[in-house]
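Encoded as structure tokens, the structure appears first; notes follow it.
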Amino acid sequence: MKQTTNLLVEIFDKLLKVFGPRHWWPGDTPFEIMVGAILTQNTSWINVEKAIQRLKEEQVLTASGIHQLKKSELASLIRSSGFFRIKADRLKALVRFLLEEYEGKLVKMEKEPLGTLREKLLSVKGIGPETADSILLYALGKPIFVVDAYTKRILSRHGMIPGNASYSEIQDLFMNNLPLDEKLFNEYHALLVHLGKTSCKKNPKCDICPLGYMKGPRGRGLKKATGKPQGP
């Protein structure tokens, strides 16, 4: 466990030194961040920003505002985010959950214990583990680690997880080996996302990766500058 902790800390320190604080997740309010967590499913952030801007222009970026919109009207406003009809359904479900469970007040929502709130979020239509954890961490400041495709790719290439590791297994790697600190988890996830976007892509740019070759506890790593991962 100590080896894993040391390696996770080393990765974080290297990424923070090179990239600096990421100031993620962008959003003026916790509710805006929650909406963004739904809209960013299967699309790029630039498309999400356009949709959020449209909601702001129409002055409906609130729980009551979205609740009062017809589903077709909401879908039209978020068209840029892709899969807009599906996402309109999911936003409606999220808002209905907020209004029914917490009278639309995020202050009440924040008071729920982490485990209980996560279970409730996962019961909402269209909210899976990554979306639920993004809401918990970034909107509500709960100490939970968000796992995404970038995280899995990076850790797999550096031999820290098998290629078939589950969401919960990857999440546990961080939460069992690092302090349960919301700010740390926030910054760490944001740094991994930035690494995934800039160098650890599907076709990796190992020559510019801040991590270089780091051999993980499973005895594998990414061979620098070859672009060929060893293992999954």
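Among the residues of the range 176-190, is there at least one that is modelled with pLDDT under 95 and farther than 23 Å from Gly36 by Cα?
Scanning the range 176-190, I find no residue that is modelled with pLDDT under 95 and farther than 23 Å from Gly36 by Cα, so the answer is no.
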Looking at the range 8-54, which of the residues that are under 17 Å from the mean Cα position of the chain (by Cα), part of a loop (DSSP other than H, G, I, E, B) and not polar (S, T, N, Q) is surrounded by the most Cβ atoms within 10 Å (Cβ to Cβ)? Trp25
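Yes/no matrix, rows are residues, columns are (1) within 11 Å of the chain's Cα centre (by Cα); (2) under 17 Å from Asp181 (Cβ atoms); (3) without any contact (Cβ under 8 Å) to a residue 12 or more places away in the chain:
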residue	(1), (2), (3)
Pro113	no, no, yes
Arg118	no, no, no
Ile127	no, no, no
Ile144	yes, yes, no
Ala165	no, no, no
Residues satisfying the stated conditions in the range 188-204, i.e. of a type outside the set (Gly, Ala, Ser) and within 13 Å of Ala149 (Cα to Cα): His189, Leu192, Val193, His194, Leu195, Lys197, Cys200, Lys201, Lys202
Only unsatisfied item for Arg85, checking (1) under 17 Å from Ile33 (Cα atoms); (2) part of a helix (DSSP H, G or I); (3) touching a helix residue (DSSP H, G or I) at 6+ places or on another chain (Cβ under 9 Å); (4) not small (Gly, Ala, Ser), is (1)
Pairs with Cβ under 7 Å, 6+ apart, first in the range 83-98 and free of Cβ contacts under 8 Å to residues at least 60 places away in the same chain, second part of a helix (DSSP H, G or I) and among the polar types (S, T, N, Q): Lys87/Ser81
Can you spot a residue in the range 117-127 that is among the hydroxyl-bearing types (Ser, Thr, Tyr), surrounded by fewer than 17 Cβ atoms within 10 Å (Cβ to Cβ), outside the structural domain of Leu98 (by TED's automatic domain parsing) and under 24 Å from Gly36 (Cα atoms)? no
Based on this model, can you work out whether Arg157 counts as in contact (Cβ under 8 Å) with a residue 12 or more places away in the chain and over 26 Å from Val35 (Cβ atoms)? yes
Is it true that Glu130 is among the acidic types (Asp, Glu) and not assigned by TED's automatic domain parsing to the domain that holds Ile86? no
Lone qualifier among Gly159, Gly163 - being buried (at least 17 other Cβ atoms within 10 Å of the Cβ), in the same structural domain as Lys197 (by TED's automatic domain parsing) and at pLDDT below 95: Gly159
Quick one: is Tyr150 within 20 Å of Leu8 (Cβ to Cβ) and surrounded by fewer than 22 Cβ atoms within 10 Å (Cβ to Cβ)? yes
Checklist (1) modelled with pLDDT of 95 or more; (2) crowded, with 19+ Cβ neighbours inside 10 Å applied to Leu211, failing item: (1)
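The values are calculated or read from the model by the stated rules, or taken from the named source; none is laboratory data. Computed from a prediction, not measured in an experiment: that's the story for all the values here. Cβ coordinates were reconstructed from backbone atoms using ideal geometry, including for glycine residues, and neighbour counts include every protein chain displayed.
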